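Right, one structure below, let's go through it.
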Amino acid sequence: MILRMWTRLLPLLLLASSLPAQDWPAFRGPTNDGIAPVQQAPLSWSPDSNIKWRTPLDQAGNGSPIVSNGRVFLTMPEDEGGKRRSLICLDRKDGLPIWVRTVDFGKVMPTHDTNPHCSSTPVADGERVVVWHASAGLHCYDFEGEQLWSRDLGEFTHQWGMGTSPILHEGIVILNTGPGPESFVAAFDLETGETLWKTVEPSLLTAEQIEKKRLVGTWSTPLVHRVGDRDLVICGQPTRIVAYDANTGEIVWYCKGLACDRGDLVYSSPVVVGDVCMVMGGYVGPSIGVRMDGEGDVSESHLVWYNKDEMSNCASGVAVDGHVYIPEMDGWLRCIDGTSGETMWRERIGRGQTWGSIVLVDGLLFMTNQRGTTYVFEPNPDGLEILAENAFGEVSNSTPAFAGGEIVLRTQESVYCVSVDR
């Protein structure tokens, strides 16, 4: 194992300085699927080694960092109640702050102790950056910090807080706005902020479920995937997977089956494996796989597999060679056959929970757990083989950003840039 790690690390040491400066402009990367465009990344680091820079943070946050055109962006609350919510811009070269833009919402909103306010990840295109502050609005800035537009989308409240992030697709901002009294998926013009389409997800709660305060919510960040001759915005909604036409917002198809006894909940993002899209229900909800070439209600015609009981997961998985590698919340990692739903293996990885999503880089998988330890392992359907274990000793619920041979990680105390190009 040591020999294999050094075999991979040696070419990186020689070539890191010549790698192109690829960006990581959104949650789960440029294609929103956890697959990094970079060819290599550091395998080994610690608080005292291979750290290019470290920038301390005043408040904890779960939102992931992004990297775009020489900038690092991330969100942070300015107070524990989330009345003031900020977008922070750092210099990618040295981690020094360039600017901070704060929205003064002036109102304390509920959230869970493990999910501080500003848990959304921004998205950027190299010139503009968009951030969703939930009830405090959707905002767009240029890279010098000038506000270009702002939208008030209503009030969003849930006892567990927020978590979904905006994405970009061909000049439009796409946002799943759950959870809240009214949840919807909408598209906005990146240049003007104008609403291009909005599709409300109907509430299916009965009077009895409302009285008993049934848990309902989606924290799923959408994924754009081309099927046939059109782009679909695929999103996990509380009781179903929904595919929207990216140009119009029209629902192309939907597949029911995500509700469970404990609630109607979806935490993680969709994962596409070939012609099958997989979404996991939250808490102990089911997971389902559905073919994506249908129309209308495909709950029976295109449902490929259905697993009733699953362990809870916040993190999103990655598909590699027909298999999905996905962390469970309680410290276990699972490999699933994406075309059948069969569990190939399930093994404990480290100690503590995992909220950070998995990233595929140069044929290896990277996963950061809640203790701030990043594990590097092979995507192997036969079993778990850990190649490296890198501990920071600081709590983290974020997903690392991989850009130009470097890794930007966010803990609840700091932002780090990991690099072997010293």
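FYI, it's all coordinate maths here, none of it is from the lab. What you see is a predicted model, and the numbers here were worked out from it, not measured in a lab. Every residue, glycine as well, gets a Cβ built from its backbone with ideal geometry; the counts of neighbours run over all protein chains shown.
Counting Lys and Arg as +1 and Asp and Glu as -1, what is the net charge of the other residues whose Cβ lies under 14 Å from the Cβ of Thr339?
Around Thr339, the surrounding residues sum to -3.
For the chain, set up a Gaussian network in which alpha carbons nearer than 10 Å are linked by springs, and say which option among Ser269, Ser398, Ser301 fluctuates the most.
Fluctuation is largest for Ser301.
What size of dipole, in debye to the nearest 20, comes out for the range 101-184 about its Cα centre when the only charges are +1 on Lys and Arg C-beta atoms and -1 on Asp and Glu C-beta atoms? Can you show the working numbers first?
Working: 4 positive and 11 negative charges, 46 e Å.
Computed charge dipole of the range 101-184: roughly 220 debye.
What is the gain in length, in nm to one decimal, between Asp94 and Thr192 on full extension, counting 0.36 nm per residue of separation less the C-alpha to C-alpha distance?
Values: separation 98, 0.36 × 98 = 35.28 nm, distance 3.20 nm.
Full extension of this stretch gives 32.1 nm more.
Rule-of-thumb check for the range 303-422: C-alpha Rg over 2.2 N^0.38 Å? Mind dumping the intermediate values first?
Values: Rg = 14.4 Å, N = 120, 2.2 N^0.38 = 13.6 Å.
Taking the Cα Rg and dividing by 2.2 N^0.38 Å, one obtains 1.06.
Report, in debye and to the nearest 20, how large the dipole of the range 261-304 comes out about its Cα centre when Lys and Arg carry +1 and Asp and Glu carry -1 on their Cβ.
Numbers: 2 positive and 7 negative charges, 49 e Å.
With only Lys, Arg, Asp and Glu charged at Cβ, the dipole is about 240 debye.
About its Cα centre, how strong a charge dipole does the chain have in debye, to the nearest 20, once Lys and Arg get +1 and Asp and Glu get -1 at the Cβ? Before the final figure, lay out the partial values.
Details: 33 positive and 54 negative charges, 176 e Å.
Dipole about the Cα centre, nearest 20: 840 debye.
Which percent, to the nearest 5, of DSSP beta bridges fully inside the chain are antiparallel?
Of those bridges, close to 95 percent are antiparallel.
Which distance in nm do the two modelled labels at Arg54 and Met311 give, with both placed 7 Å along the Cα-to-Cβ direction?
Reported label-point gap for Arg54 and Met311 is 3.1 nm.
Positive end of the charge dipole of the chain (Lys, Arg +1 and Asp, Glu -1 on Cβ, about the Cα centre): tell me which of Leu384, Gly404, Leu138 has its Cα farthest that way.
Leu384
In deg cm²/dmol and to the nearest 500, what is the mean residue ellipticity at 222 nm of the chain if only DSSP H runs of at least 4 residues count, each as -39500 (n - 2.57), divided by the residue total? Each step should come with its number before you reach the end.
Numbers: 2 runs with 19 residues, N = 422.
Result for the chain, helices only: -1500 deg cm²/dmol.
Using mean Cβ contacts within 10 Å as the protection proxy, how do 329-335, 200-206, 87-93 order, highest first? Don't jump to the answer; show the numbers that get you there.
On the way: 329-335: 18.4, 200-206: 14.0, 87-93: 20.0.
Those peptides, ordered most packed to least, come out 87-93, 329-335, 200-206.
Work out, step by step, the length gained on full extension between Thr31 and Arg262: first 0.36 nm times the residue separation, then minus their alpha carbon distance; give nm to one decimal.
Stretched fully, the Thr31-Arg262 segment lengthens by 79.9 nm.
What is the local net charge at Asn32, summed over the other residues whose Cβ is closer than 14 Å to its Cβ (Lys, Arg +1; Asp, Glu -1)?
Numbers: positive: Arg28, Arg226; negative: Asp23, Asp33, Asp125, Glu170, Asp231.
Net charge around Asn32: -3.
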